[in-house]
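Peer 1: Take this structure first; my questions come after.
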Amino acid sequence: MTRRLRAEDLRASSDPATLPFVTTAELTPLDRLIGQDRALGATTFGIGMKQAGYNLFVLGPAATGKTTTIRAMLTAAAAEEPVPDDYCYVYNFADPYRPGALAVPAGRGRELRAEMARLVDECKARLPRAFESEEFERRKSAIFEDLHRRQHAEMEHLDEAARAERFVVLRSPSGLALAYAPGGEPLTAEAFGALPEGERQAIEARARVLNEHVEATLRQIRQLEREARLAHETLVGEVAAAVTRRLVHDLRERFAGLDGVQRHLDRVEADLVAHAEEFRALEEGKAPVLPFLPPPGAFLERYRVNVFVDRGGATGAPVVREANPTHGNLLGRIEHRVHLGSLVTDFTLVQAGAVHRANGGYLVLDARDVLRNFLAWEALKKALKNRSVRIEEPLEEYRLVATAGLAPEPIALSVKVVLLGTPLLYYLLHALDEDFRELFKVKVDFEDSVPRTPDFELFYARFVAGVCREEALPPFGPDAVASLIEHGARLVAHQQRLTSRLGELRDYVREAAFWASRSGHPVVAAADVREAIDQRRYRANLAEERLGRAISEGTLLIATDGAAIGQVNGISVVALGDHAFGRPTRITARTYSGEPGVVDIEREAKLGGAIHSKGVLILTGCLAGRYAGEHPLALSASIALEQQYEEVEGDSASSAELDALLSSLAGIPLTQALAVTGSVNQHGAIQPVGGINEKIEGFFDTCVRHGLTGRQGVLIPAANVRHLMLREDVVQAVREERFQIHAVSTVDEGLALLSGRPAGERSADGHFPADSFNGAVERALAAHVRRYRALREAPASPAAPAGGSP
């Protein structure tokens, strides 16, 4: 049933007298998020579930406080959890290209690094001194004296064998040689050549035998040298081991119980002993300094400790928010340095990513940012699935030529990832990414509105009190909070709900406080809140004002009085950034006999979106269902939104389009003082639409420009009444009967208001009353059927003879 709305129906006001305070300074600030029990419960569940795959995806509208709330809940939960281990990378003595990972208790990573540096310093100081001791020199001398003695004995034995055969052994830089010396002196070549042939052959035969003895002697000398060298190395090792064992023993005791550190110290001790002579060379300055070679002491780098993740001084588990989740920032990277024009790296240049820093705690990421960064999403999923994080270069597996590089040991991963994103992004990932469904099983869905109850209104007041206290703003009075509550209902377009976008509400609190300060008000009043709302609208509505000027000047043709056939005022919503407003649009329809069909000009011109085209098809079905029960439709029609040059989307104009079409059919004029919004279904029922407040206000502003007559108004769906939170000037105009708002439920109700005659209902014989709107439509359709049949049954005209006149 049609209902003309009263001023009280158009806005749900808040009574300041119901708010129990003089100013918000008396109130306790809000200490929790309001109206988000579902989201808070899901977050608590997700934090508590330690099994793999129970990561969280937080979705919901912007400015609801979801990021702040999630961070606060994670921080509170993390404070009760133990501090995870430090992680270090150390040199791998077995394979330098694969640094080893060490996990040590929090804060002990830096201790290990400092102790290893101290160990190297003490080795640099003590090892050279150990090699300067009298005992070392004595034992070293004994080794080389024994070598010389045994070498001398071997040479004496060789000399005796040579003399027995009348040869002498000649020593030269190139080695040993034999010479025939029958008289004690070697023969010259000429003297040897003068000997008889038989004698020369006998001498050469004895020389060949002696040469074998020489070779055996040389082999024995080399073996003696090897034994001496080995004995020297053993001596050096024993001395170095005695020194390093004492030094490393202190570290073993300091890091007792840490098996990984103990194993690393075993390898460090062995390597220190193996490089003891290099420490001595550093002390004596004998190490060569050559280009393209590592500098002296470069080998000491292997004893350093790269504290990859340092949690010294931390309390509780980490909560890490990564604002730029690139592959390297997320999963870590291997950095390089320039050496002689080339890029080189080592285990000390391995850098941690956000996943490593959050290991053992919580990682908060923006889902859109992760997906935008090349390979970051796939790498994150791989780490979560494998429960370990490996540092590697992006696209490593796609290289055509394999190159040697670092491959640090993977680190075991135990992290709870929290993604923040939009509902659309969540549902797309859930539908298209199988891994997402397995890895992010906890959906944290934030509501965009809360019930408008006295408790929640008081929560609003406490929220305002908290903002004022945090930002040193003047307190709000009850009337100001009441105005803010009303605007909270306006933001969600519902009389019985309030927006939960507290971030946006915070902006209004700040701006109202600003205007209060400009006016010299010690307490923010309702007028200051309204000024903040009006000024924000004024800053954003230049496009709306330009549209209003175009209507006032007649550039956009909108009539707000009189009547016309096949013409209705529709209303659309234009959303430009942070401002939305209603735009009146003239909707026209033309009907004529012909093949059945309704032509949507917007669709044909490719300006109509899918939903708008659906609305036109639905109204076509409604038309056929109402009037084509006995006779087929013999009707062609065209519908257009006049002076509409942008794409049209939505079906909220379908009831207005149907009204214009029926008016054209019946030849009955419709008033131009009323605008129509609402979608229609195939049974003629009017369905609710969005942006109802902006639409009403848009037509109201147009009527104000043309002059209010009291006959002007808007027809809205009855189901939209609960969504009305209109501006005060619109409510006042309705209260003074200078503007009308009617709630309709069916097309017939709207037609009766627009045409001024009853729509009519079918009687028992199946026909509409003759004086009704529907009766006129039925008669017009019957006439179209008769005309169409007559045209189809008329004989064809005889063809004119070819060649002109007879």
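The values are calculated or read from the model by the stated rules, or taken from the named source; none is laboratory data. Because the structure is predicted, anything quoted here is derived from the model rather than measured. Positions of Cβ are generated from backbone atoms using ideal geometry, with glycine treated the same way; all protein chains shown enter the neighbour counts. When the accessible area is computed, the model is the full protein with side chains, heavy atoms only, and any ligands, DNA or RNA have been set aside. Shrake-Rupley method; radii C 1.70, N 1.55, O 1.52, S 1.80 Å.
Peer 1: Quote the accessible area belonging to Glu504 in square angstrom, nearest 10, computed with a 1.4 Å probe and with ligands, DNA and RNA left uncounted.
Peer 2: Answer for Glu504: close to 50 Å² accessible.
Peer 1: A follow-up question, please. Considering only protein heavy atoms and a probe of 1.4 Å, how much of the accessible area of the range 208-252 is carbon and sulfur, as a whole percent?
Peer 2: After summing per-atom areas, the C and S share lands at 52 percent.
Peer 1: In terms of the Cα gyration tensor, with a ≥ b ≥ c the square roots of its eigenvalues, is the range 422-558 rounded because a/c is under 1.5, prolate because a/b exceeds b/c, or oblate?
Peer 2: It comes out oblate by the Cα gyration axes.
Peer 1: Could I ask something else about it? In Å and whole numbers, how far do the C-alpha atoms of the range 301-383 stretch along each principal axis, longest first?
Peer 2: Cα extents, longest axis first: 42, 34, 20 Å.
Peer 1: Suppose accessible area is computed on protein heavy atoms with a 1.4 Å probe; arrange Thr75, Thr348 from highest to lowest.
Peer 2: Order by accessible area, largest first: Thr75, Thr348.
Peer 1: Here is a follow-up. Using packing as a proxy for protection, rank 154-161, 676-683, 137-144, 33-40 so that the peptide with the highest average count of other Cβ atoms within 10 Å comes first.
Peer 2: Ranked from most to least packed, the peptides come out as 676-683, 33-40, 154-161, 137-144.
Peer 1: Further question: Let me see the pair-distance distribution of the range 501-597: every alpha carbon pair, 5 Å bin width, integer percents in order.
Peer 2: The distribution over the range 501-597 is 2, 10, 14, 14, 12, 11, 10, 9, 6, 4, 3, 2, 1, 1, 0, given as percents.
Peer 1: Evaluated at 10 °C with a viscosity of 1.306 mPa s, what Stokes-Einstein diffusion coefficient in µm²/s does the range 299-347 have when Rh comes from the Kirkwood expression over alpha-carbon pairs?
Peer 2: Estimated diffusion coefficient is 112 µm²/s.
Peer 1: Right, here's the next one. Would you mind putting 546-553, 454-461 in packing order, based on average other-beta-carbon counts within 10 Å, highest first?
Peer 2: 454-461, 546-553
Peer 1: Determine, from the Cβ-Cβ distance of Asp121 and Gln223 and an R0 of 41 Å, the FRET efficiency 1/(1 + (r/R0)^6), rounded to the nearest 0.05.
Peer 2: Efficiency computed from Cβ-Cβ geometry: 0.55.
Peer 1: Find the Rg to Rh ratio for the range 692-734, where Rh is the Kirkwood radius over alpha-carbon pairs and Rg uses the same atoms.
Peer 2: 0.95
Peer 1: Expressed as an acute angle from 0 to 90° and rounded to the nearest 10, what is the orientation of the C-alpha long axis of helix 773-793 relative to the principal long axis of the chain?
Peer 2: 80 degrees
Peer 1: Quick check for you: which residues of the range 533-568 have the amide N under 20 Å from the point 7 Å beyond the Cα of Tyr592 toward its beta carbon?
Peer 2: Within reach of a label on Tyr592: 565-568.
Peer 1: Using a simple charge model, +1 on the beta-carbon of Lys and Arg, -1 on the beta-carbon of Asp and Glu, nothing else, what dipole does the chain show about its Cα centre, in debye to the nearest 20?
Peer 2: 1640 debye
Peer 1: Quantify, in whole percent, the carbon and sulfur part of the accessible surface of the range 476-541 (1.4 Å probe; protein heavy atoms only).
Peer 2: Looking at the range 476-541 in its full context, I get 47 percent from C and S.
Peer 1: Over the alpha-carbon set of the range 696-761, work out the extent along each principal axis and list the three values in angstrom, largest first.
Peer 2: 38, 26, 18
Peer 1: Going from the alpha-carbon gyration tensor of the range 648-703, what semi-axes, largest first and in whole Å, does one get by taking the root of 5 times each eigenvalue?
Peer 2: 20, 17, 8
Peer 1: At a 1.4 Å probe radius, carbon and sulfur cover how many percent of the accessible area of the range 635-794?
Peer 2: 49 percent
Peer 1: I would also like to ask the following. Would you please state the base-10 log of I(q)/I(0) at q = 0.14, 0.15, 0.17 1/Å for the range 109-253, with intensities from the Debye formula using one equal scatterer on every alpha carbon?
Peer 2: Values returned for q = 0.14, 0.15, 0.17 Å⁻¹ are -0.79, -0.85, -0.97.
Peer 1: Please give me the summed charge of the neighbours of Leu754: other residues whose Cβ is under 15 Å from its Cβ, Lys and Arg +1, Asp and Glu -1.
Peer 2: -1
Peer 1: How big is the antiparallel share of DSSP beta bridges in the range 333-475, given as a percent to the nearest 5?
Peer 2: Restricted to the range 333-475, the bridges split so that about 60 percent are antiparallel.
Peer 1: Next question. What percentages make up the Cα-Cα pair-distance distribution of the range 90-163 when the bins are 5 Å wide from 0?
Peer 2: Going from the shortest bin to the longest, the percentages are 3, 11, 9, 11, 11, 9, 9, 9, 8, 6, 5, 4, 3, 2, 1, 0.
Peer 1: Among residues other than Asn774 whose Cβ falls under 9 Å from its Cβ, what is the net charge (Lys/Arg +1, Asp/Glu -1)?
Peer 2: -1
Peer 1: Under the rule of at least 5 residues apart or a separate chain, name every residue whose amide H is placed under 5 Å from the amide H of Arg321.
Peer 2: Val364
Peer 1: Restricting the calculation to Cα positions, tell me the Rg (one decimal) and the Dmax (whole number) of the range 1-140 in Å.
Peer 2: Taking only Cα atoms of the range 1-140, I get Rg and Dmax of 32.8, 120 Å.
Peer 1: By DSSP, what percent of the beta bridges with both residues in the chain are antiparallel, rounded to the nearest 5?
Peer 2: Close to 60 percent.
Peer 1: Could you give the Stokes-Einstein D for the range 334-433 in µm² per second, using the C-alpha Kirkwood radius, 20 °C, 1.002 mPa s?
Peer 2: For the chosen part, D equals 137 µm²/s.
Peer 1: Any chance you could run the full-extension gain for Asp250 through Glu185? It's 0.36 nm times the residue separation minus the Cα-Cα distance, nm to one decimal.
Peer 2: Computed gain between Asp250 and Glu185 is 16.7 nm.
Peer 1: Give me the extension gain from Arg263 to Ser13: residue separation times 0.36 nm, minus the current Cα-Cα distance, reported in nm with one decimal.
Peer 2: Between Arg263 and Ser13, full extension yields an extra 82.5 nm.
Peer 1: Something else now. Roughly what % of Cα-Cα distances in the chain sit above 38 Å, to the whole percent?
Peer 2: Looking at the chain, the distances longer than 38 Å represent 66 percent of pairs.
Peer 1: Taking the Cα atoms only, what angle lies between the long axis of helix 692-706 and the longest principal axis of the chain, rounded to 10 degrees?
Peer 2: Its long axis makes an angle of about 50 degrees.
Peer 1: Expressed as cubic angstrom per residue, what is the convex hull volume of the alpha carbon set of the range 181-228?
Peer 2: That works out to 84 Å³ per residue.
Peer 1: Calculate, for the chain, the solvent-accessible area per residue in square angstrom, rolling a 1.4 angstrom probe over the heavy atoms of the protein chains.
Peer 2: Spelled out: the 1.4 Å probe surface of the chain, per residue, equals 50 Å².
Peer 1: Additional query: Measure nothing fancy, just the Cα-based angle from helix 526-540's long axis to the longest principal axis of the chain, in degrees from 0 to 90, nearest 10.
Peer 2: So the inclination is approximately 80 degrees.
Peer 1: OK, next. Can you give the local net charge around Arg38? Use residues other than it whose beta-carbon is closer than 9 angstrom to its beta-carbon, Lys and Arg +1, Asp and Glu -1.
Peer 2: So the surrounding residues net to -3.
Peer 1: Ordered by residue, what ³J(HN,Hα) values in Hz, to whole numbers, does the range 615-627 give under the Karplus form 6.51 cos²θ - 1.76 cosθ + 1.60, where θ = phi - 60° and Gly and Pro are x?
Peer 2: Here the 3J(HN,Hα) series is x, 5, 5, 5, 5, 5, x, 4, 4, 5, x, 7, 10 Hz.
Peer 1: Now a separate question. Between the alpha-carbon centers of the range 141-181 and the range 629-679, tell me the distance in whole angstrom.
Peer 2: The range 141-181 and the range 629-679 have Cα centres separated by 124 Å.
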